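This report concerns only the one structure given below.
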Amino acid sequence: MSHFKAPPKKSLGQHFLTDHGYIDKIVMAVNPKPGDRLVEIGPGQGAITFPLLRKHGELTAIEFDRDLITPLMEASEGVGRLTIIHKDVLSVDFGKLAGEDKLRLVGNLPYNLSSPILFHAIEHAGAIRDMVFMLQKEVVDRMAAGPGSKVYGRLSVMLQAYCQVDALFVVPPGAFRPPPKVDSAVARLVPRDPASIGIHDPRRFGDVVRAAFGQRRKTLRNALSEVCSSEQIEAAGVRPDARAEQVAVVDFIRLANVVVGS
Ligand code: SAM
């Protein structure tokens, strides 16, 4: 008999994965190894949680919905050691949670919060070994897009500056209950070694990228007029008449570093 009685909550983005083929593909993408510190965001009714727990023996899950906590704990009996953090994931300090061991994050994310969760994760990138996340396909397309693509934007630059981003596979609405309106996709993000990234001031880097894409139709000269001069843009080796959507991630990093150094 199922432990889970409460109906799915739309406000918490609850679309539960029910297709075992896709559940297996996610577990294979995570491929946990002994000693890994697995943390799941939004376990829901445990679609990914229990297969991972069976394979790995222990897992920490962060779930905001109080109605799911007791059923998850009950259902985990005899399966493995499940620790639940009953909190909004955005209030969880991944640095503290990690301690000595970097985290491997996994989650079929609540789609209404997917961008805030991604930004929260990159703020703690030093505490994370990798992430396997399911999100709306449209968001995964933006995360992995390169310069020149219509969907290349702030999310692409911010994530790719800090992580290697790979889109893995698409998941159709029929794999969930209730089905979402759109396709989903699974992506892997692997944080880069901070020393190799070379961003001198992360806050300033974020400001430059936000300003550049805030007015993506404008040239950088105009879009960044409040942030830096044309001479600084040129000093970074970037054309002031380029638009943000044409500028590569490494060029944004160089540009932000010139602004910081001035
Ligand atoms: N992992 C389950 C699955 O694949 O079937 C559930 C995925 S469902 C798309 C998203 C889950 O995230 C839900 O269980 C929801 O309650 C939880 N959630 C929503 N907002 C949250 C938040 N701010 N912090 C932590 N969990 C949250």
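The values are calculated or read from the model by the stated rules, or taken from the named source; none is laboratory data. This one's a predicted model, so the numbers in the text were calculated from it and none came from an experiment. Because the Cβ atoms are built from the backbone with ideal geometry, glycine has one as well, and the counts that use them run over all protein chains shown. Just so you know, the surface numbers come from the protein's heavy atoms only, side chains and all, with ligands and any DNA or RNA stripped out. Shrake-Rupley method; radii C 1.70, N 1.55, O 1.52, S 1.80 Å.
Key figures for this structure:
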quantity	calculated
Derived scalar couplings ³J(HN,Hα) [the stretch 169-182; Karplus, 6.51 cos²θ - 1.76 cosθ + 1.60; whole Hz; x for Gly, Pro]	7, 9, 10, x, x, x, 7, 10, 10, x, x, x, 7, 10
Cross-link partners of LYS181 among lysines (Cα-Cα below 18 Å; sequence separation of 8 or more within a chain)	LYS9, LYS10, LYS137
Gain upon complete extension [PHE16, SER229; 0.36 nm per residue less C-alpha separation]	71.7 nm
Kirkwood estimate for the stretch 91-177, i.e. one over the average of 1/r between Cα atoms, Å	13.9 Å
Net dipole in debye of the stretch 106-247 [+1 Lys, Arg Cβ; -1 Asp, Glu Cβ; about Cα centre; nearest 20]	380 debye
Rounded percent of accessible protein surface that carbon and sulfur make up, the chain, 1.4 Å probe	51 percent
The chain: mean projected area of Cα convex hull, nm²	14.5 nm²
Rounded tilt (10° steps) of 20-30 against the dominant C-alpha axis of the chain	60 degrees
Solvent-accessible heavy-atom area per residue, rounded to whole Å², over the stretch 202-261 at 1.4 Å	52 Å²
Percent of alpha-carbon pairs separated by more than 16 Å within the stretch 202-261	27 percent
The chain: calculated mean residue ellipticity at 222 nm from DSSP helix runs of at least 4, using -39500 (n - 2.57)	-10500 deg cm²/dmol
DSSP loop trypsin sites (Lys or Arg not before Pro) with at most 12 other Cβ within 10 Å excluded, longest remaining stretch of the chain	6-86
Charge-dipole axis of the chain as Lys and Arg at +1 and Asp and Glu at -1 on Cβ define it, positive-most pick from MET73, GLY21, CYS163	GLY21
Unit charges at the beta carbon, dipole of the chain: most positive-side option, LEU105, VAL250, PRO172	PRO172
The stretch 104-153, accessible area per residue, ligands and nucleic acids excluded (1.4 Å, Å²)	34 Å²
Folded to 0 to 90 degrees: helix 202-214 orientation relative to the chain principal axis, Cα	80 degrees
